[in-house]
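First comes the structure, then the notes that go with it.
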Protein chains: 2
Amino acid sequence: MQQVIDIISKMRSLNGELRKREQRVADFVLSNLDQISFLTQGEIAQAAGVSAATVHRFCVSVGCEGFRDFKIRLAQSVAVSLQYLDGNSAEASQTDQLVSQVFGALVDMLNTARQQLDNASMTEAIALLAGARRIVFFGVGGGSANVAREGANRFFRLGLPAEAHADGYFQRMLASTLSTGDVVFAISASGQPQELLDSISIARQYGASSISLTKSGSDLANLTDVSIGIDIPEDQDIYKPSASRLVFIAIIDVLAAGAARERPEEVKEFLRRIRTSLVTLSKDTGPKPIGD
Amino acid sequence: MQQVIDIISKMRSLNGELRKREQRVADFVLSNLDQISFLTQGEIAQAAGVSAATVHRFCVSVGCEGFRDFKIRLAQSVAVSLQYLDGNSAEASQTDQLVSQVFGALVDMLNTARQQLDNASMTEAIALLAGARRIVFFGVGGGSANVAREGANRFFRLGLPAEAHADGYFQRMLASTLSTGDVVFAISASGQPQELLDSISIARQYGASSISLTKSGSDLANLTDVSIGIDIPEDQDIYKPSASRLVFIAIIDVLAAGAARERPEEVKEFLRRIRTSLVTLSKDTGPKPIGD
DNA sequence: GCCAAAATGAAAAAGAATTACAAAATGGGG
DNA sequence: CCCCATTTTGTAATTCTTTTTCATTTTGGC
């Protein structure tokens, strides 16, 4: 399997550095992402007002082996985002559109989050969690409290002793009963809540380790031993709150999966199982309605 | 934008109906999904032990215009799942792999769920929810209870009166206080819990409408006015439980978004906002680390 | 076992991509 | 401001793929 290059990012980052005519090709490609893969080199050349050879050179400039290679890579880069943006507004029903847009936003957000994830932090967090005597999830507010519960649920099922608490007072009380070997896992979209900051400080005083899943650079993030930072643009858009919550849950999933594999030898098998259980690739789920 | 055909599903549904040699091509393609797009027709022919012409005929048989077309469509179908399966096992760290696999599974599951969603049911559900005087979410067991809470949270924020309950006894009691105009929303991965079935029956007796989000064809699904059925293969794989929960939350998100838009005129603007907030396509988030 | 129909492969034809090379544009120094 | 070296671009030849055609093989029914 070859090195995967994100062609779209590459084109954008090369903006301005390309030769004049190649830049014209890049502009044309970027504004017709969804169609490029079904055009021939010649057609693109004509549409962009350059020669076929220039289109080819452009492909090489962005790191591909040639036009063929470029077409495939672009198709792959575009497919993920595109699958949700197409669906001819005209023929698809409104509900259909709604589903596409919301699911699309979620998938997109998962992808974005994935790129933000810091490998080292995740690794540290997994190590801490796997070795914990007791894991306590703290979250405040409807959303984060739910994520905390979900996290506890998740780890509990894996056989790791976990619990979740949403009450600020109780959190502080509980924090003072912890000691070395225990892990506090603080969850907050904003990273601001004073209750959480207090609880973490207390827990740390008594020797417990701390992990935070929150906005990077926030007070909470700075306070914990390990911080998993995620920056999801949080404007007031209606669908956003749960989108970021979804991302949080996904991340906890990764941590749980990581903690569950104690021994290195089992990792390969573990990953293999996840891989083969991918629905699309492995199981026939019967005919899937396309537009309906 | 052309009609999107899910090539992989098509190949699977055609299994057995293809001509002998074409079936060989299909088998080869299906077991080398990630590489096909970078091979030529001739190479595939050789690898599958057939002639180039047969490969071409195979492409036409699965609904493509030719081999070129097939390659692109396959690349698109595969891209979503594939983006998580690559990452040269050799150079990527184990944690990295873990993140890729888990996120990939989630995205894949979202896609699968999306294809299973029944438009009509969603539309009905949205209508019911938007017009509800009171929405009561019922879920039993750790997972579904959390989803119920999340749902209540979600609708509550949108200004719709929603609450969630996880206790079986309380659910039955509450059910008997409902009446016309109220909506019971039952959530269950299995669709089996007796408490839920009872509660729904009771609520219906008193005139409340009912919606279920559960396994299609289950007892619960059959009992409610509107049933949103999802079949996520639920084996004992370690990451699965929360994956299906995630899908549930995503679906509730769609319902909430749908219910939030009361007037048709606002729909366009609403969708536009979601669309433009897609991170990948709209914002340059700077250079994205590929393998790290 | 023979014949008609279907399936397959070989090879020719058509079509695209790649390469080589020549022409045009650019830019720096006299 | 012009000339030369260098870079950029287009044209055309070449190579490689795909597509089509047609002959051969296989299959299945009688």
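The values are calculated or read from the model by the stated rules, or taken from the named source; none is laboratory data. None of these values were measured; they are calculated from a predicted model. Positions of Cβ are backbone-derived with ideal geometry, glycine not excepted, and every protein chain shown enters the neighbour counts.
I'm trying to understand the selection: among the residues of the range B:53-73, which are away from DNA strand C (no atom under 14 Å from the Cβ), part of a helix (DSSP H, G or I) and surrounded by fewer than 23 Cβ atoms within 10 Å (Cβ to Cβ)?
Hits for the range B:53-73: nothing passes.
Return the only residue of A:Asp6, A:Asp86 being touching a Lys or Arg at 6+ places or on another chain (Cβ under 7 Å), at pLDDT below 90 and away from DNA strand D (no atom under 16 Å from the Cβ).
A:Asp6
Would you check if B:Val50 is more than 28 Å from B:Met109 (Cα to Cα) and crowded, with 17+ Cβ neighbours inside 10 Å?
For B:Val50, the condition - more than 28 Å from B:Met109 (Cα to Cα) and crowded, with 17+ Cβ neighbours inside 10 Å - is met.
Would you check if A:Met122 is at the interface with another protein chain (Cβ under 8 Å from one of its Cβ atoms), in contact with a Gly (Cβ under 8 Å, 6 or more places away or on another chain) and not aromatic (Phe, Trp, Tyr)?
Criteria met by A:Met122.
Cβ-Cβ below 8 Å, separation at least six or inter-chain, first residue in the range A:54-66 and touching a residue at least 40 places away in the same chain (Cβ under 8 Å) and within 19 Å of A:Lys20 (Cβ to Cβ), second hydrophobic (A, V, I, L, M, F, W, C) and within 11 Å of DNA strand D (Cβ to nearest atom): which pairs?
A:Phe58/A:Leu18; A:Phe58/A:Val25; A:Ser61/A:Leu18
Hey, can you tell me all the residues within the range B:196-222 that are surrounded by fewer than 19 Cβ atoms within 10 Å (Cβ to Cβ) and either outside any helix (DSSP H, G or I) or touching a Lys or Arg at 6+ places or on another chain (Cβ under 9 Å) (or both)?
Across the range B:196-222, the qualifying residues are B:Asp198, B:Tyr206, B:Gly207, B:Ser216, B:Gly217.
Just checking, does the range B:188-195 include any residue being modelled with pLDDT under 80 and surrounded by fewer than 21 Cβ atoms within 10 Å (Cβ to Cβ)?
Scanning the range B:188-195, I find at least one residue that is modelled with pLDDT under 80 and surrounded by fewer than 21 Cβ atoms within 10 Å (Cβ to Cβ), so the answer is yes.
How many residues does the range A:14-42 contain that are within 12 Å of another protein chain (Cβ to nearest Cβ), within 13 Å of DNA strand D (Cβ to nearest atom) and assigned to a helix (DSSP H, G or I)?
Final tally of qualifying residues: 1.
Of everything in the range B:52-75, what is more than 9 Å from every other protein chain (Cβ to nearest Cβ) and either within 8 Å of DNA strand D (Cβ to nearest atom) or in contact with a Gly (Cβ under 6 Å, 6 or more places away or on another chain) (or both)? Give them in sequence order.
B:Ala52, B:Ala53, B:Val55, B:His56, B:Arg57, B:Cys59, B:Val60, B:Glu65, B:Gly66, B:Phe67, B:Phe70 - these are the residues of the range B:52-75 that are more than 9 Å from every other protein chain (Cβ to nearest Cβ) and either within 8 Å of DNA strand D (Cβ to nearest atom) or in contact with a Gly (Cβ under 6 Å, 6 or more places away or on another chain) (or both).
Among what's in the range B:148-171 and is assigned to a helix (DSSP H, G or I) and more than 9 Å from chain A (Cβ to nearest Cβ), pick the residue that is surrounded by the most Cβ atoms within 10 Å (Cβ to Cβ).
Among residues in the range B:148-171 that are assigned to a helix (DSSP H, G or I) and more than 9 Å from chain A (Cβ to nearest Cβ), the one surrounded by the most Cβ atoms within 10 Å (Cβ to Cβ) is B:Gly151.
Can you name the residue in the range A:26-52 that is away from DNA strand C (no atom under 12 Å from the Cβ) and small (Gly, Ala, Ser) and, of all such residues, is nearest to B:Gln76 (Cα to Cα)?
A:Ser31
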